[in-house]
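Student: Okay, here's the structure, questions in a sec.
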Amino acid sequence: MSPPISPTAPPGSSVAAMRVGIPRERGRRERRVAAVPATVEFYVGHDWDVVVEAGAGTAAGFDDDAYAAAGAEIVPDAEAAHDADLVLRVGPPTIAELELVPRGAVLVSFLDPFVAVDLVEALAARRIDAVAMEAIPRTTLAQSMDALSSQSTAAGYAAVLLAAAESPRFFPMLTTAAGTIPPARVLVLGVGVAGLMAIATARRLGAVVHAYDIRPETREQVESLGAKFVEAPTQAGDESGYAKEVDEETQRRQQEILADYVADADVLVTTAQIPGRPAPLLVPEDVVARMRPGAVVVDMAAATGGNVAGSKPDEVVEVGGVRIHGPVDLPSRVATDASRMYARNLQNLVGRMITEDGTVAVDLDDDVVGPATIVRDGEVVHPRTRSAMGLEEGT
């Protein structure tokens with residue numbers, strides 16, 4: 001195991017307690033927080049000092065008094081919150097924020113490590129050990145630490161609520177004195193964690209739901225939620241369970257079949273993404289043009305290029321009466337429960353990093369921590385990040 005990070009102390013004196021820092025997130029419309037009072041109690045229970053920046057949890061529904069009651073110290077600014085042996089965040093720090101983190105500290109956060117090369121270089125230069133939550137392996141062992149899944153659950157739920165609020169249609173069938181209103185028709189493209197939650201939420205609201213994913217194993221999951229699986233070409237996913245890119249012929253056949261379903265949908269939710277690559281285009285312009293005025297699209301992949309032609313990150317684009325939403329803050333729209341899940345993911349991960357002397361260390365041999373580590377002892381160690389940076393093996 002790698003040596004733990006621990007403050008030095010003169011012989012005969014006690015070693016200072018681990019200090020855990022929880023800064024306030026400053027990303028645009030970011031309302032989540034990396035620790036909730038319940039997880040603060042866990043860290044305090046290990047005799048660690050926990051510092052929480054004032055107002056860090058307010059937008060998620062956790063006030064400073066709740067953190068203080070759990071044993072945290074409320075500190076006034078980002079500088080004090082980042083001055084810790086272990087810094088826990090939701091979004092990646094800016095370079096300026098990174099300068100506030102002590103050399104040799106451990107940072108655990110979403111880091112966008114396969115794209116944000118400048119940040120990774122800065123982490124290595126400051127010898128900050130960095131663990132990226134999006135790099136947690138998709139294994140049974142790591143399920144309780146899988147923040148991509150927990151936050152995708154929140155996003156899928158929020159996406160359907162957004163669509164329902166924006167749609168001019170009722171979702172459920174209604175029988176009224178004014179006649180019978182048929183249920184809305186919802187189509188979900190991409191049946192990962194977010195897609196499954198979108199299906200379940202739309203079904204609970206009473207909509208008729210169809211769904212499609214390139215991976216054939218998702219059919220049973222779709223049908224178990226009471227939705228209908230679209231009969232279009234499928235192929236097995238990769239070893240991590242993610243969808244793989246398809247060839248042009250498969251994509252053409254796929255789009256031909258999906259076009260009629262898209263045109264018939266009152267609500268379209270798309271979730272298909274390939275980690276580290278642009279999102280696949282599932283709905284081209286000519287298919288968008290076939291959709292009825294009043295239809296609502298929520299493109300959850302807008303930030304990585306979009307599944308729907310015309311979608312733009314963080315914007316609403318209207319095309320022929322069809323409103324295409326490209327939200328990038330969906331988990332933050334349900335910040336209380338998204339934070340609870342994310343904070344528990346972090347707690348479970350940190351729990352694996354605790355050493356015998358009660359400090360925290362990044363162990364590259366650990367089956368969960370190792371694959372999620374981006375920088376260790378000033379060296380970029382994650383293979384995909386090294387490839388993105390153009391680093392040769394051994395350099």
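Student: Scan the range 125-141 and report the pairs whose first residue is more than 12 Å from residue 111 (Cβ to Cβ) and not assigned by TED's automatic domain parsing to the domain that holds residue 360 and whose second residue is among the β-branched types (Val, Ile, Thr) and at pLDDT below 95, with Cβ atoms within less than 6 Å and a gap of 6+ or a chain change.
Tutor: The qualifying pairs do not exist here.
Condition check ((1) out of contact with any Leu (no Cβ under 6 Å at 6 or more places or on another chain); (2) modelled with pLDDT under 95; (3) outside any loop (DSSP other than H, G, I, E, B)) across all residues:
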position	(1), (2), (3)
281	yes, yes, no
287	yes, no, yes
293	yes, no, no
297	no, no, yes
303	yes, yes, yes
311	yes, no, no
323	yes, no, yes
327	yes, no, no
335	yes, no, yes
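Student: Considering the range 173-200 alone, what residues qualify as being in contact with a Phe, Trp or Tyr (Cβ under 8 Å, 6 or more places away or on another chain) and assigned to a helix (DSSP H, G or I)?
Tutor: Of everything in the range 173-200, those that are in contact with a Phe, Trp or Tyr (Cβ under 8 Å, 6 or more places away or on another chain) and assigned to a helix (DSSP H, G or I) turn out to be 197, 198.
Student: Okay, next question. Can you tell me which of (1) farther than 24 Å from residue 272 by Cβ; (2) β-branched (Val, Ile, Thr); (3) surrounded by 19 or more Cβ atoms within 10 Å (Cβ to Cβ) is the one residue 180 doesn't meet?
Tutor: That leaves (3) as the condition not met.
Student: A further question on this structure: Of all residues in the range 201-218 being surrounded by 19 or more Cβ atoms within 10 Å (Cβ to Cβ) and in a helix (DSSP H, G or I), which is nearest to the chain's Cα centre (by Cα)?
Tutor: Per the stated criteria, the residue is 201.
Student: I need the full set of residues from the range 84-142 which are among the hydroxyl-bearing types (Ser, Thr, Tyr) and surrounded by 18 or more Cβ atoms within 10 Å (Cβ to Cβ), in order please.
Tutor: Passing the criteria: only 109.
Student: Just wondering, is there one or more residues in the range 81-94 that are farther than 16 Å from residue 372 by Cβ and at pLDDT below 95?
Tutor: Among the residues of the range 81-94, not one is farther than 16 Å from residue 372 by Cβ and at pLDDT below 95, which makes the answer no.
Student: Can I ask one more? Can you go through 138, 127 and tell me which one is modelled with pLDDT under 95 and either farther than 25 Å from residue 271 by Cβ or among the charged types (D, E, K, R) (or both)?
Tutor: The unique qualifying residue is 138.
A quick yes/no check of all residues on (1) over 12 Å from the mean Cα position of the chain (by Cα); (2) outside any helix (DSSP H, G or I):
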| residue | (1), (2) |
| --- | --- |
| 127 | yes, yes |
| 130 | yes, yes |
| 138 | yes, yes |
| 150 | no, no |
| 156 | no, no |
| 160 | yes, no |
| 164 | yes, no |
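Student: Now for a different question. Could you check the range 99-123 and list, in sequence order, the residues that are assigned to a helix (DSSP H, G or I) and within 22 Å of residue 147 (Cα to Cα)?
Tutor: Correct list: 117, 119, 120, 123.
Student: Hey, can you tell me all the residues within the range 23-44 that are under 13 Å from residue 58 (Cα atoms) and in contact with a strand residue (DSSP E or B) (Cβ under 8 Å, 6 or more places away or on another chain)?
Tutor: Listed by number, the residues that qualify are 23, 24, 33, 34, 35.
Student: Tell me which residues, restricted to the range 241-256, are modelled with pLDDT of 70 or more and surrounded by fewer than 15 Cβ atoms within 10 Å (Cβ to Cβ).
Tutor: Answer for the range 241-256, where residues must be modelled with pLDDT of 70 or more and surrounded by fewer than 15 Cβ atoms within 10 Å (Cβ to Cβ): 247, 248, 249, 252, 253, 256.
The values are calculated or read from the model by the stated rules, or taken from the named source; none is laboratory data. As the structure is a prediction and not an experimental result, all values here were calculated from the model. Counting neighbours? That spans all protein chains shown, and the Cβs are built from the backbone with ideal geometry, glycine included.
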